[in-house]
Amino acid sequence: MSRNLYIAAAEKEAGKSMVVLGVMEFLSRHIKHVGFFRPIVGSGTKVDNHIDLIQKRYNLNCNYEEMYGITVSEMIEFINDNNVDAIHQKVIQKYKILEKKCDFVLVEGSDFRDHLSAYEFNFNLQVANNLGCPIIGVLSGRNKSTSEVAYSLQIMQNVMDNEKCTRVGMVVNRANINDLTEIKKILNDHKGEDEIDFVIPEVNSLQNITMRQIKFALNAKHLYGSPESLDFDVTDFKVGAMNLEHFLEHTKQGTMVITPADRIDIIMGIGMTILAGDFPKIAGILLTGTYKPNKIVSRLLDSLKKLPLAVLSTETGTYEAAKNVSNITPLLKPENQRRIATALGHFEANVNLTELGNKISISKTSIRTPLMFEYELFERAKANKKHIVLPEGTDDRILKAADILNRRNVVELTLLGDEQEIIKKASALRIKLEGINIIDPYDNDLINEYAAEYYRLRSHKGVTKEGAKDLMHDVSYLGTMMVHKGHADGMVSGAVHTTLHTIRPAFEFIKTKPGVSIVSSSFFMCLEDKVLVYGDCAVNPNPNAEELADIAISSADTAIMFGIEPRIAMLSYSTGSSGKGTDVDKVRAAAEIVKKRRPDLKTEGPIQYDAAIDASVAKTKLPDSEVAGKATIFIFPDLNTGNNTYKAVQRSANAIAIGPVLQGLNKPVNDLSRGCLVADIVNTVVITAIQAQQED
C-alpha cells in the first residue's frame with residue numbers, strides 16, 4: 001500500500017493548486033498525520049504560497065524547511081555544475097526525513113518557471129519514481145478545443161509512460177463547460193487499466209486576484225478597511241485619471257480603483273458609492289505616489305475605516321502600479337475562507353472521492369480528528385440536502401456563513417429579515433445570494449396561514465388572533481413555524497437573540513419527542529484524536545435525577561446519530577459507591593434510571609472525570625467497568641459544572657466545541673452563542689441538517 005501521492009501539472013496555469021487542496025482536504029479527513037512536500041520552491045526564506053496554504057489550513061506539525069527539497073537557485077547551481085544526481089539526492093534525503101513523521105505524504109510538483117519549464121515536468125516524473133509515489137497528472141483545458149485536449153493528453157501520457165511512472169489517473173482542469181461530455185469520453189478512451197480520470201470545468205471567480213494578493217505582491221500598506229475586506233475579489237482595475245462623474249461610469253462590481261493619493265475627489269466619491277445602495281461595489285482602492293495626505297485629507301480618509309472597503313497605498317507611480325497589478329496571478333490564500341469554500345465545493349462536485357480513496361488505498365483508522373469529524377458532517381449533509389431557515393438574516397456572520405454553505409452546496413437556505421437590508425448588506429460584503437431564499441417577516445404570503453395555525457395551537461393559553469399575527473412578525477416565531485409546518489426542515493438562530501428568544505417558540509408548539517421529558521443540549525468536543533459528547537452544558541441549570549437520566553439518554557441518541565459509540569459517564573465528585581451526599585445520590589439514582597430505561601446503553605455512575613477518561617485511573621478505581629477509561633459521553637450533574645468544564649477543556653486542550661446541539665425536540669431547532677464565529681454557524685447548520693435527516 002502506497003503511503004504517498006504525487007500531483008504534477010504538465011503546463012502553466014493548469015489549476016494544480018485547487019486539485020492539491022481538494023486531495024489534501026480528503027486525506028486530512030481520513031488520516032491523522034498527513035505530510036506535505038514540494039520538491040522545488042522559489043526560496044528557502046520567503047515561504048512558498050502553496051506550503052503556506054496547506055500548513056496553515058491543516059495545522060501541519062512541520063516547519064517550512066522540512067516541507068521542500070531544494071530551492072530554484074540551488075537547482076540551477078547543480079545544473080550548471082552538471083550534477084543533476086545531486087538534485088535528486090537532496091530531494092530524496094529531505095523527503096525521507098519528513099516521511100518518518102507522517103502516515104501519508106502528499107507531494108505537489110513544482111510550478112513552471114520560464115527558466116526551468118523545459119526541464120520541470122520530466123524532473124517531476126523522475127522525483128515521483130525516486131520517492132515511490134504514484135502520480136496524478138493535471139492538464140489544463142483552458143482555451144483548448146477538444147482535439148487540442150486529446151493531443152495534450154496523449155503527449156502527457158507518453159512522457160509518463162516513458163518514465164515508467166505508476167499512474168493513478170489524469171485530471172483535465174479548467175475545461176470549457178460546454179466540452180465536458182466530449183472530454184470525459186476522450187479521457188475514458190485514453191485511460192489505462194484501473195486508472196481514474198476526472199474533468200473539472202473552469203470557475204471564473206477562482207481566477208480573480210484579491211486585494212490581499214495585491215497588498216503582498218506590491219508590498220503595499222493597508223491603510224483602511226477590515227482584514228476581511230482584503231479578501232474581496234478584483235474582477236478588473238481602473239485608473240482614476242478622469243473626473244469623478246465620468247470615472248464612475250466605468251466602474252463595476254469588483255473594480256479596483258488605482259489613483260494618485262492626492263485625488264481626493266475620486267477617493268471620497270468612491271467612498272460615497274459604498275454608502276449608496278444602488279452603485280456597484282468596488283473591490284478597493286490603491287493609492288499611488290509619494291504624496292502624503294495633509295490633516296484634512298487624512299480625516300476624510302479616516303471616515304472610510306468603518307466601510308467594507310480596503311484602501312492600500314504604494315509609493316510606486318500610477319502607471320507602474322497598474323502594470324504590476326496586471327502581472328499578479330491568482331492564488332489560494334489560507335485567510336480567504338470564501339475562496340477556499342468555492343474551490344473545495346467545486347472540486348468535490350466534480351471528483352468522485354470514493355473512487356479516489358479506493359485508488360490510493362486509504363486504510364480506515366479508529367482515530368477521529370476534528371477535521372475528520374467536520375468532513376463526515378459535510379458529507380452526510382450533502383448526501384440528503386435539507387432546508388434550514390436562518391432567522392437572523394441581516395447579521396453579517398449569518399450572511400458569511402450562508403455564503404460558505406451555499407458555495408459548498410451543503411444545504412438549502414432561507415434567510416429571514418428585511419429583504420432590502422439583506423441585499424444591501426450582502427452587496428457590501430460581496431456575497432452572492434443566488435440560490436438562497438429571503439423572506440421578509442412583514443411582507444410575505446405566509447403570515448395569515450401561520451397566524452391561524454399558531455392561534456389554533458395556543459388559543460387555550462389566551463392567545464388572540466391579532467396577537468398571533470403580531471407574533472408571526474417575530475423572526476424566531478416565523479422561522480419556528482416554518483419548521484413546524486414542514487416549509488423548512490430545521491432552524492438555527494441565536495447569533496443576535498437570546499437562547500430563550502430562540503427556543504421559546506419550539507417549546508410552545510414543536511414540543512418534545514414522545515418519552516422525552518425535557519429539552520437538553522450537548523456539545524461535540526473535538527479533541528486531537530477523538531470526539532466526545534458533553535451534556536448538558538447550555539440549557540438545564542439543576543436537573544433532578546429523572547431529568548438527568550433523560551439528558552443522558554438524549555445525549556446517547558445524539559452520539560449514535562453522529563457515529564459515536566455511546567459509553568455514558570454520569571459524572572460526580574465521587575466514583576462508585578464510596579461517596580455520600582445529596583449531589584452524588586442524585587447522580588447514582590440517575591444512572592440507575594438510565595440502566596433500567598435503556599439497558600442497551602453502557603452506563604457508569606457516579607464516576608469522576610479522570611476515571612471516566614483516563615484508562616490508568618480507571619484500572620485503579622473501576623477495573624471491571626465497560627465505561628471507565630473509555631467514556632464517550634460525559635453527563636454533568638448541573639449546568640454550572642458542565643458549562644465551566646466544556647469551556648475549560650476548549651481553551652486548555654485546544655479542543656473545538658461544536659454546539660450546543662438541542663436534543664429532545666420533535667424537529668431540529670438549534671441555538672447559537674451570541675459570540676459565535678462564522679465557523680460555529682456553519683457547523684451548527686450542518687448538524688441541524690443531519691438531525692433533520694433522521695425525521696425522514
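The values are calculated or read from the model by the stated rules, or taken from the named source; none is laboratory data. Values in this document were obtained by computation on a predicted structure and should not be read as measured data. Heads up, the Cβs are rebuilt from the backbone with ideal geometry, glycines too, and the neighbour counts pull from every protein chain shown. The accessibility values were calculated without ligands, DNA or RNA, using every heavy atom of the protein model including side chains. Shrake-Rupley method; radii C 1.70, N 1.55, O 1.52, S 1.80 Å.
Using only Cα coordinates, the Kirkwood hydrodynamic radius of the range 579-678 works out to 15.7 Å.
About its Cα centre, the chain has a charge dipole of approximately 1060 debye under the convention of +1 per Lys or Arg Cβ and -1 per Asp or Glu Cβ, with nothing else charged. Averaging Cα coordinates gives a centre for the range 570-605 and one for the range 314-345; these two points are 59 Å apart. Principal-axis analysis of the Cα atoms of the chain puts helix 180-190 at an angle of about 70° to the longest axis. Roll a 1.4 angstrom probe over the protein heavy atoms and tell me the percent of accessible area of the range 555-696 that is carbon or sulfur. Answer for the range 555-696 is 50 percent, counting heavy atoms of protein chains only. Rounded to a whole number, what is D in µm²/s for the chain from Stokes-Einstein with the Kirkwood radius over alpha-carbon pairs (10 °C, 1.306 mPa s)? It diffuses with D of about 56 µm²/s by this estimate. Each other residue within a Cβ distance under 11 Å of residue 543 adds +1 if Lys or Arg and -1 if Asp or Glu, for a net charge of -4.
For the chain, the mean residue ellipticity at 222 nm estimated from helices alone is -13000 deg cm²/dmol, where every DSSP H run of n ≥ 4 contributes -39500 (n - 2.57) and the total is divided by all residues, rounded to the nearest 500. For the range 1-143, the Cβ-based charge dipole about the Cα centre amounts to some 580 debye (Lys, Arg positive; Asp, Glu negative; other atoms uncharged). When the Cα positions of 487, 173, 694 are compared along the charge dipole of the chain, 694 comes out farthest toward the positive end, with charges on each C-beta of Lys, Arg, Asp and Glu.
Relative to the first principal axis of the alpha-carbon coordinates of the chain, what is the inclination of helix 16-28, with its axis defined by its Cα atoms, in degrees from 0 to 90 and to the nearest 10? Helix 16-28 sits at roughly 30 degrees to that axis.
Roughly how many whole Å is it from the C-alpha centroid of the range 1-79 to that of the range 629-696? The distance from the Cα centre of the range 1-79 to that of the range 629-696 comes to 35 Å. If you take all other residues with their beta carbon under 10 Å from the beta carbon of residue 689, and give Lys and Arg +1 and Asp and Glu -1, the sum is +2.
In degrees from 0 to 90, rounded to the nearest 10, what is the angle of the helix 264-275 Cα long axis to the longest principal axis of the chain? Approximately 30 degrees, to the nearest 10.
Annotation: the antiparallel percentage among DSSP beta bridges lying fully within the chain is about 20.
Distance between the C-alpha centres of the range 437-477 and the range 241-256: 46 Å, rounded to the whole angstrom. The gain in end-to-end length when the residue 466 to residue 101 segment is fully stretched comes to 124.6 nm, 0.36 nm per residue minus the alpha carbon separation. Legend: translational diffusion of the range 372-432 by Stokes-Einstein, Rh = Kirkwood radius over C-alpha pairs, 10 °C, 1.306 mPa s; D = 130 µm²/s. Compared with the alpha-carbon gap, the fully stretched path from residue 45 to residue 442 is longer by 137.1 nm at 0.36 nm per residue. Legend: residue pairs 252/432; 12/144; 386/432; 252/424; 221/432, Cα-Cα distance threshold 23 Å; pairs beyond threshold, 221/432. Quote the FRET efficiency, to the nearest 0.05, computed for residue 205 versus residue 560 with a Förster distance R0 of 45 Å and r equal to the Cβ-Cβ distance. With R0 = 45 Å, the Cβ-Cβ based efficiency is 0.70. Of the peptides 473-482, 10-19, 557-566, the ranking by mean beta-carbon count within 10 Å, highest at the top, reads 473-482, 10-19, 557-566.
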